[in-house]
Structures are given as structure tokens and as C-alpha cells.
Amino acid sequence: MKVLMVTREYPPFIVGGVSTHTYYLTKYLKKKGVNVKIVSFGDPKLSNEEVLFVKPNSSIISRESKSIVEDAKIPLDIARFTNIVKQLLRSKEYDIVHVQEPYVGGLVNYEYKITTIHDTSFGEIKSYLKYFESKSLKRIAFYIALGYAMEYASTITSKIIISPSLDVAWEMIKVYNIPSVKIRVIPNGIEEPPNNEPDKITARQILGIPEDFFVIFTTAQHVARKRLDILIRVAKMLKDKKYRKIMIIVGGSGPLTNYLKKLASDLGVNDIVKFTGWIPNEELPLYYRATDVFVITSEYEAGPLTMLEAGIRGIPLIVADVPSGFMAIARHSIHCLKFKSNDYVDLAEKIVSLIHDYKLWKNLSHGARKFASNFNWNIIAEKTITVYREVLSS
């Protein structure tokens with residue numbers, strides 16, 4: 001079986017959630033004998049027999065705010081990218097085309113096409129409406145003008161839509177009117193970390209973090225639905241309660257980075273909150289190993305890989321109590337602690353409970369690892385191959 005995997009970004013050019021998902025899915029599909037070719041935006045100099053990188057002329061893979069001119073070129077990049085994919089498919093070499101993001105593959109038409117929709121424009125817009133400032137309005141305009149159009153195009157041109165969570169699947173059925181028989185739910189996966197990762201003390205020495213600090217870590221794209229402002233407000237509460245040996249590390253960047261940094265400055269917590277920018281994939285294990293608790297503040301998620309990456313390393317998890325993704329599946333007080341969505345007071349109380357209760361910390365460490373181990377990439381790849389076979393047999 002030969003598969004053409006179409007994605008907006010792919011390692012090693014830029015690494016984000018969809019990119020990481022595509023990388024590991026491809027890796028495990030190959031282990032099971034599937035021949036996979038990837039097409040992605042990126043640096044053409046990094047292309048090889050397995051990956052074809054297409055140079056972007058717009059801001060389509062940029063995580064930082066760009067000019068209006070570069071944003072306006074996004075549709076042209078999508079059109080050019082679509083034509084390149086179509087040229088590859090004309091060779092009739094591929095049994096399946098698997099699009100990992102509708103924004104770049106919605107217009108690709110192929111008899112045996114599958115699209116994975118990790119999250120929807122509907123969900124993004126709901127979150128961004130809470131931020132009435134220019135960058136947020138620009139993102140809302142993107143999802144209304146282009147996001148919806150490409151998602152609908154994907155549903156029309158695909159035999160099957162894969163969703164990583166029941167919540168996103170529900171949105172596609174209720175909001176996009178996609179027949180439920182056309183949707184398959186396959187979650188994200190995780191693999192066991194290598195044995196040579198450093199212990200907590202070594203990781204902290206490398207990162208320059210004092211051994212006696214309680215470290216709270218999160219990393220995500222700085223967009224509205226991640227609600228990272230909640231964690232910054234927690235920093236203010238912890239500082240006011242005189243928890244001086246606290247460090248909150250916020251990885252990632254995005255359109256709301258400046259807003260978040262200003263909020264930290266306005267609240268006077270720059271001494272507690274550390275913004276790292278995007279953390280290279282090879283450095284992420286250091287931050288996980290140096291961490292006492294990993295926090296997910298998102299009000300809307302499909303299935304955050306970071307929750308599995310932290311959990312598989314035995315890092316206790318505190319997550320928003322939302323009906324989506326892994327947060328909905330994980331059990332409170334067994335696999336994680338859950339706080340009321342968007343309630344920074346409740347989140348602060350959950351963090352304080354872990355600071356004071358080592359037995360709880362230890363139990364949640366075991367629970368997080370047990371939860372993450374249920375989502376092995378071998379199983380995820382098998383389920384994906386089953387969908388491929390289903391499409392081919394139809």
C-alpha cells in the first residue's frame with residue numbers, strides 16, 4: 001500500500017501538534033509496511049525521497065504575526081500547493097491520499113481520499129470571540145473566509161473524515177452536517193521515551209532551574225482556545241500567597257504572545273512566569289523531566305499530544321474539565337486533577353494541593369503514566385490502516 005500524506009508542516013522545518021502527529025503516524029505506518037510519501041510546506045533543501053518540501057511564499061506556516069501582504073498570499077500558496085499534490089497523484093502511484101489539514105488539502109480531489117480534521121474553525125472562532133483586538137479579529141476573519149470553505153471542501157472530497165476526539169466529531173456532525181457514517185474517531189498516540197533521558201536534577205541543571213523550586217510547565221500555540229491567560233492569573237495568586245519558590249514555564253508562541261507577556265507584566269509576575277518561545281522538539285524532554293506538574297488550560301482541544309508526552313514520563317497532570325479530547329477521557333484524582341474550565345482560582349487550589357501533598361503527587365504520577373500508555377502509536381497506526389483498507393474496498 002502506498003500513501004501520499006499531505007500536511008501543512010512537518011519536521012524538521014517547524015514542529016507543532018499536527019506536524020508531530022503526522023511524523024509519528026508516518027513512522028509507525030512504515031513499521032507496518034506502508035509506503036508513505038509526505039508533501040509539506042517547508043525548506044525545499046531538506047527534501048528527500050520520503051519528504052517533498054514546498055517553499056511557502058506567504059505566512060501559511062508562520063507562528064509569528066506577519067504583514068497583511070504575506071497573509072493575503074496564503075490562498076495563492078494553497079492553490080500552488082494543491083497543484084503540486086495533484087501532479088503527484090496523476091502518476092497513479094498512490095493507493096491513498098491522506099490529508100492531515102483541510103486548509104492545505106481541501107481542494108485535492110482523489111477517489112481514495114481521507115482527511116484528518118484535528119480541530120474546526122467553529123471551535124477556533126468560539127474562543128477568539130473573547131479577544132476583541134486586531135490580531136484576534138484577523139484570525140477570526142481567516143477562519144470565516146478560508147477555514148470554513150476548506151473544511152467543507154474536505155468533507156465533500158473525502159471518503160472518510162478522521163477525528164482525534166468525540167467532541168470534534170460531534171461538531172462536524174452538528175455544525176457541518178457531515179453524516180456520522182463518514183466519520184471515524186482515532187486519537188493521537190505516544191511512544192515510550194528513550195532510556196537515556198536525564199533525571200529531574202540533571203534536567204534542571206541543564207536548564208538553569210533551582211532544585212528546590214516547584215515547577216509548573218505548559219507549552220502550546222498562543223491562541224485563544226488555549227486560555228494561557230488563566231495560568232498567568234494563577235501566578236499572581238501564588239505570588240500573593242507568598243509561594244516564592246514557584247516557577248511557571250510557558251512554552252510556545254503565537255498571535256497572543258504579546259498579549260500574554262503584557263498581562264504577566266501588568267500583574268507583576270515576570271519574576272515567576274518564564275516565556276521560552278517555541279521549544280525545539282529535541283529539547284522538550286528536558287522541560288518535561290524538570291517539571292513537577294504539567295498544566296493544560298485549554299477550553300477546547302482535540303487531543304493534545306503534550307498531555308501524553310508529559311503523562312508517559314510520569315509528570316502529574318492538571319487539566320481543564322472540558323468535554324473534549326483526552327481531558328474528557330482522563331479520570332479526576334486517578335489520571336489527573338481537573339479544574340473548572342476558565343477558573344483560575346480553582347486551578348491555583350489544585351496546584352497548591354500538589355505542592356503540599358506528596359502522596360497525591362506520587363499517585364497522580366503513576367496515574368498519568370498509566371493513562372498515556374493506553375495510546376500506543378502501534379495501535380493508532382493499525383486503526384488508521386483499517387480505515388485505508390475500508391476506503392480501498394469501497
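On the given criteria, is Ile230 of a type in the set (A, V, I, L, M, F, W, C), within 28 Å of Leu166 (Cβ to Cβ) and part of a helix (DSSP H, G or I)? Judged against the criteria, Ile230 is a match. When each of Ile183, Ile173, Ile178 is tested for being free of Cβ contacts under 8 Å to residues at least 60 places away in the same chain, surrounded by fewer than 19 Cβ atoms within 10 Å (Cβ to Cβ), of a type in the set (Val, Ile, Thr) and touching a strand residue (DSSP E or B) at 6+ places or on another chain (Cβ under 9 Å), the lone residue that passes is Ile173. Filtering region 40-93 to residues that are under 19 Å from Gly105 (Cα atoms), hydroxyl-bearing (Ser, Thr, Tyr) and out of contact with any Gly (no Cβ under 9 Å at 6 or more places or on another chain) leaves Ser40, Ser58, Ser59, Ser62, Ser91.
Just for helices (runs of 4 or more DSSP H) wholly inside region 1-100: which have at least 3 residues that are more than 25 Å from Asn258 (Cα to Cα), free of Cβ contacts under 8 Å to residues at least 60 places away in the same chain and not small (Gly, Ala, Ser)? Step through it out loud before you land on a result.
Values: elements: 17-31, 68-72, 74-90.
Per the criteria, 17-31, 74-90.
Is it the case that some residue within region 80-103 is among the small types (Gly, Ala, Ser) and at pLDDT 90 or above? Within region 80-103, not a single residue is among the small types (Gly, Ala, Ser) and at pLDDT 90 or above.
Report, by residue number, each residue of region 8-36 that is farther than 30 Å from Gly277 by Cβ and surrounded by fewer than 18 Cβ atoms within 10 Å (Cβ to Cβ). Within region 8-36, Lys30, Lys31, Lys32, Gly33, Asn35 meet the criteria.
Just need a number here: residues in region 358-373 that are of a type in the set (Gly, Ala, Ser), assigned to a helix (DSSP H, G or I) and surrounded by fewer than 18 Cβ atoms within 10 Å (Cβ to Cβ).
Summing the residues that are of a type in the set (Gly, Ala, Ser), assigned to a helix (DSSP H, G or I) and surrounded by fewer than 18 Cβ atoms within 10 Å (Cβ to Cβ) in region 358-373 gives 0.
For region 374-381, the criterion of a residue being of a type outside the set (A, V, I, L, M, F, W, C), surrounded by 15 or more Cβ atoms within 10 Å (Cβ to Cβ), in contact with a Ser or Thr (Cβ under 8 Å, 6 or more places away or on another chain) and not in a loop (DSSP other than H, G, I, E, B) is satisfied by no position.
Here is a yes/no grid of residues against (1) polar (S, T, N, Q); (2) touching a Phe, Trp or Tyr at 6+ places or on another chain (Cβ under 6 Å); (3) farther than 20 Å from Ala368 by Cα:
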residue	(1), (2), (3)
Asp240	no, no, yes
Val269	no, no, yes
Thr306	yes, no, no
Gly311	no, yes, no
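With the structure loaded, tell me whether Ala328 is buried (at least 21 other Cβ atoms within 10 Å of the Cβ) and either under 17 Å from Pro187 (Cα atoms) or out of contact with any Leu (no Cβ under 6 Å at 6 or more places or on another chain) (or both) or whether it fails that test.
When the stated conditions are applied, Ala328 does not pass them.
The set of residues from region 294-351 being part of a loop (DSSP other than H, G, I, E, B) and of a type in the set (S, T, N, Q) comprises Thr297, Ser298, Ser324, Ser333, Ser341, Asn342. Hey, any hits in region 194-217 for a residue that's assigned to a loop (DSSP other than H, G, I, E, B), hydrophobic (A, V, I, L, M, F, W, C), under 25 Å from the mean Cα position of the chain (by Cα) and assigned by TED's automatic domain parsing to the domain that holds Ile318? No: zero hits.
The values are calculated or read from the model by the stated rules, or taken from the named source; none is laboratory data. No experiment lies behind these values; they were computed from the predicted model shown. Using ideal geometry, Cβ is built from the backbone for each residue, glycine included, and neighbour counts are taken over all protein chains shown.
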